[in-house]
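Below is one structure, written out as structure tokens; comments come after it.
The values are calculated or read from the model by the stated rules, or taken from the named source; none is laboratory data. Since the model is a prediction, treat every value here as computed from it, not as a measurement. Here Cβ is always computed from backbone atoms with ideal geometry, including for glycine, and neighbour counts include all displayed protein chains. Calculation scope for accessible area: heavy atoms of the full protein, side chains included, ligands and nucleic acids excluded. Shrake-Rupley method; radii C 1.70, N 1.55, O 1.52, S 1.80 Å.
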Amino acid sequence: MYPVKTPWLVKKLYPNLIWNINNGSRCIYLTFDDGPIPIVTPFVLNILKQYEAKATFFCIGDNVTKHPEVFEQVKNEGHAIGNHTFNHLKGWKTKDNLYLENFLKANGLLHANLFRPPYGRIKRSQIKLLQNARPGLKIIMWSVLSGDFDINLTPEKCLENVINSTKSGDIVVFHDSLKAFDRLQYVLPRAMEIWNARGFTFGAL
Ligand SMILES: [Zn+2]
């Protein structure tokens, strides 16, 4: 199981990671992990465009290599780009030097100042290494996990989770991946319609 809302204790244990944005504005920060890929990423871009929304895409370097045209489209449409390693490595199970190497390999393509550790798993030593290698690097976690990757979650329940959990300043995780697409394509247009009707705007990090 995973919590839809990040528990306050977890946020407190890692205060130098970014969990949400408290700037007082009625803004939601949508993030999309694991792309860019054909079909799914362009689907997301199209929905965002309908609401003049900006979002942040945490890209896997390997996918950028395979689908450079989709990556270009994300950038051209004015969204923020974040690094999500080259091979979607799990920090807790990866040696620090290999983790750094994989981050740098991805950043050669992404040139990003934002990073999100795959699975949200990163060691303190790895945080330090990455921030030393790229001063000013912001490590972005989340405050709302949509669960769109969960094949046992119905699209309806996924929508309900996201709508009930999200408030101003939240960082919400979705995935532009094939695995998540069944839920994403149901949830994203409906959630954005509801948020838009409630007066929220959508910002990039
Ligand atoms: Zn991921």
When the charge dipole of the chain is computed with +1 on Lys and Arg Cβ and -1 on Asp and Glu Cβ about the Cα centre, the Cα farthest towards its positive end, among Ile163, Gln126, Ser177, belongs to Gln126
Around Ile47 (Cβ within 13 Å, Cβ-to-Cβ, excluding Ile47; K/R +1, D/E -1) the net charge comes to -1
Quick check: pseudo-label points 7 Å beyond the Cα along Cα→Cβ at Asn196 and Glu69, how many nm apart are they? 2.7 nm
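What size of dipole, in debye to the nearest 20, comes out for the chain about its Cα centre when the only charges are +1 on Lys and Arg C-beta atoms and -1 on Asp and Glu C-beta atoms?
Details: 25 positive and 17 negative charges, 183 e Å.
Charge dipole, the chain, about its Cα centre: 880 debye, nearest 20.
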For the range 104-143: span of alpha carbons on each principal axis (Å, largest first): 26, 19, 17
Please grab the % of Cα pairs in the range 31-115 that end up more than 14 Å from each other. 60 percent
Label-point gap, in nm, between Asn152 and Ser168 - each point 7 angstrom along Cα→Cβ: 3.7 nm
Could you list the GluC sites (Glu not before Pro) in the range 1-74 that lie in coil according to DSSP, counting only those with at most 12 other Cβ atoms within 10 Å of their Cβ? Glu52
Using unit Cβ charges (K, R positive; D, E negative) and no other charged atoms, how large, in debye to the nearest 20, is the dipole of the range 1-110 about its Cα centre? 480 debye
Give me the three principal axis extents of the range 34-75 from the C-alpha atoms, as integers in angstrom, largest value leading. 29, 17, 15
Helix 96-110 sits at what angle to the longest principal axis of the chain, using alpha carbons and giving 0 to 90 degrees rounded to 10? 60 degrees
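Using a 1.4 Å probe over the heavy atoms of the protein chains, calculate the carbon and sulfur portion of the accessible area of the chain as a whole percent.
Of all accessible area on the chain, carbon and sulfur atoms account for 54 percent.
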Can you pull the Kirkwood radius for the range 148-205, inverse mean 1/r over Cα pairs, to one decimal in Å? 11.9 Å
Based solely on C-alpha atoms, express the radius of gyration and the Dmax of the range 101-205 in angstrom. 15.9, 44
Compute the distance in nm between two label points, each set 7 Å from the Cα along the Cα-to-Cβ direction, one at Arg124 and one at Asn87. 2.8 nm
Using alpha-carbon coordinates, inclination of helix 155-165 to the longest axis of the chain, degrees: 80 degrees
Between Asn16 and Glu77, what length in nm is gained on full extension when 0.36 nm per residue of separation is reduced by their alpha carbon distance? 19.0 nm
Skip the ligands, DNA and RNA, and give the accessible area per residue of the chain with a 1.4 Å probe, whole Å². 48 Å²
Tell me, what does the Kirkwood hydrodynamic radius of the range 1-55 come to in angstroms if you use every pair of distinct C-alpha atoms? 14.0 Å
When N is the residue count of the chain, what does its C-alpha Rg come to as a fraction of 2.2 N^0.38 Å? 0.96
How much of Lys66 can a 1.4 Å solvent probe reach, expressed as accessible area in Å² and rounded to 10? 120 Å²
Once you charge only the Cβ atoms, +1 for Lys and Arg and -1 for Asp and Glu, what is the size of the charge dipole of the range 120-199 about its Cα centre, to the nearest 20 debye? 620 debye
Given only helices, namely DSSP H runs of n ≥ 4 each adding -39500 (n - 2.57), what is the per-residue ellipticity at 222 nm of the chain, to the nearest 500 deg cm²/dmol? -12500 deg cm²/dmol
What is the helix-to-structure angle for 181-197, meaning the angle in degrees between its Cα long axis and the longest Cα principal axis of the chain, kept from 0 to 90 and rounded to the nearest 10? 60 degrees
Using Cα pairs under 8 angstrom and six or more residues apart, how large is the relative contact order of the chain, in percent? 33 percent
